[in-house]
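The values are calculated or read from the model by the stated rules, or taken from the named source; none is laboratory data. Treat the numbers as computed from the prediction; the structure is a model and nothing was measured. Note that we place each Cβ from the backbone using ideal geometry, even for glycine, and neighbour counts take in every protein chain shown. Surface areas here come from the heavy atoms of the whole protein model, side chains and all, with no ligands, DNA or RNA. Shrake-Rupley method; radii C 1.70, N 1.55, O 1.52, S 1.80 Å.
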Amino acid sequence: MLTFRTISISDQPWITKALRQSNFQGCEYCFSNNLAWYRASNSKIAPFQDFYLIAAFDTADGIPDVTVPSGSGDWAALFRELRETLCPNGEPLRFTGVTRETAAWLQKWFPSAVWEPDAAAFDYIYRTEDLITLKGKRYHKKRNHLNQFRSRYNWTFSPLTAADMEECIAFSASLYNEKAGYDSRSSVVEQFAIHTFFTHFETLGLCGGVLRVDGKLVGFSIGEPLNQDTFVTHIEKADISYAGAYTALTQAFTERFASGYSYINREEDLGIAGLRQAKASYYPVYLLEKGDMLIRWDK
């Protein structure tokens, strides 16, 4: 039987090893994200052989959501353990974060399972060079925003240090308190996630940058390498009263920390219209399509 429990910072070594074996591009295959966001849906983790499992138990229909496991081992034995632990009376479970490629593989094990794409969970993948250079007609507006910011303000961008952290946390809290729907579950969980990133910043190996105008903090961003060719941006916060601040932050952060990677994963839009529009405005090279597969066990 598998034993699911809450993730902790001490789990980093073995989980990271399993994640690196699989080298997936989805933003959910990142220890930092798993640690920071586990409160969102009461996620729990479990080891099995050299596999890493994470499952969300706070779901609308009560069916456990299991992220497709990373790592290696006996898949048939793993599926048996999942069934015995989570579905002792034949209840279904759901695999999440399933790409088209993974769906085809899972259907070999579960022929009746159907892949259901979830647009809110698609990851936005960009060419790193595009976000740094902003070349071409389609980035005309972004270049204008960037040039406006650079010409109007006395600005600096620098790597985030321990001396910046308290100010960044206060800045994030201020944006949170001013936001409509600030008491929504997702907003509250985001504040926990940001606090986790800062609490374990060095241990997690995160990269951070701060944007200032006349010495005042007007934005910060946090990310890290996701796999061999992709860098992931976890958090990006900026004061929109400074025209072009977000564009300046994105460009500077990408150039400083991600230039050695081919792609940038800027994560999902969560079905939020404004977030979808903002992510689309940078013209992803593709969307990493992900979805769910409901598994019903043979009797």
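Here are the numbers for the structure shown:
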{"quantity": "Residue ID - surrounded by the fewest Cβ atoms within 10 Å (Cβ to Cβ), chosen from residues in the stretch 263-299 that are hydrophobic (A, V, I, L, M, F, W, C) and assigned to a helix (DSSP H, G or I)", "calculated": "A273"}
{"quantity": "In the stretch 13-31, residue modelled with the highest pLDDT [restricted to those that are farther than 14 Å from L53 by Cβ, of a type in the set (S, T, N, Q) and open to solvent by less than 40 Å² (accessible area, probe 1.4 Å)]", "calculated": "T16"}
{"quantity": "Members of the stretch 65-88 that are surrounded by fewer than 16 Cβ atoms within 10 Å (Cβ to Cβ) and assigned to a loop (DSSP other than H, G, I, E, B)", "calculated": "G73, D74, P88"}
{"quantity": "Selection from the stretch 136-166 of residues that are outside any helix (DSSP H, G or I) and either surrounded by fewer than 12 Cβ atoms within 10 Å (Cβ to Cβ) or of a type in the set (G, A, S) (or both)", "calculated": "G136, N154, S158, T161"}
{"quantity": "Selection within the stretch 202-216 - surrounded by fewer than 18 Cβ atoms within 10 Å (Cβ to Cβ) and in a strand (DSSP E or B)", "calculated": "K216"}
{"quantity": "Identity of the residue in the stretch 190-248, under 15 Å from the mean Cα position of the chain (by Cα) and among the polar types (S, T, N, Q), that ends up farthest from F122 (Cα to Cα)", "calculated": "T196"}
{"quantity": "Residue among L270, L249 that is under 25 Å from L204 (Cα atoms) and modelled with pLDDT under 95", "calculated": "L270"}
{"quantity": "Some residue of the stretch 184-197 being open to solvent by less than 60 Å² (accessible area, probe 1.4 Å), small (G, A, S), without any contact (Cβ under 8 Å) to a residue 12 or more places away in the chain and not in a strand (DSSP E or B)", "calculated": "yes"}
{"quantity": "Single residue of I132, I169 found to be closer than 26 Å to F198 by Cα, open to solvent by less than 40 Å² (accessible area, probe 1.4 Å) and out of contact with any Cys (no Cβ under 8 Å at 6 or more places or on another chain)", "calculated": "I132"}
{"quantity": "The stretch 47-64, residues that are under 20 Å from the mean Cα position of the chain (by Cα) and surrounded by fewer than 20 Cβ atoms within 10 Å (Cβ to Cβ)", "calculated": "A56, F57, D58, T59"}
{"quantity": "R20 assigned to a helix (DSSP H, G or I), out of contact with any Cys (no Cβ under 7 Å at 6 or more places or on another chain) and more than 21 Å from I194 (Cα to Cα)", "calculated": "yes"}
{"quantity": "Output for the stretch 96-119, where each listed residue is among the aliphatic types (A, V, I, L, M) and open to solvent by 30 Å² or more (accessible area, probe 1.4 Å)", "calculated": "A104, V114, A119"}
{"quantity": "Where a residue in the stretch 220-242 is without any contact (Cβ under 8 Å) to a residue 60 or more places away in the chain and its partner, wherever it lies, is surrounded by 19 or more Cβ atoms within 10 Å (Cβ to Cβ) and charged (D, E, K, R), with Cβ under 6 Å and at least six apart", "calculated": "T233/R266"}
{"quantity": "Pair list, Cβ under 8 Å, 6 or more apart: the stretch 115-130 residue part of a helix (DSSP H, G or I), other residue hydrophobic (A, V, I, L, M, F, W, C) and crowded, with 20+ Cβ neighbours inside 10 Å", "calculated": "T128/F231; T128/A258; T128/I264"}
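Matching residues to (1) over 20 Å from V232 (Cα atoms); (2) of a type in the set (D, E):
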{"residue": "I7", "(1), (2)": "yes, no"}
{"residue": "I15", "(1), (2)": "no, no"}
{"residue": "S22", "(1), (2)": "no, no"}
{"residue": "G26", "(1), (2)": "no, no"}
{"residue": "Y38", "(1), (2)": "no, no"}
{"residue": "K44", "(1), (2)": "yes, no"}
{"residue": "D61", "(1), (2)": "yes, yes"}
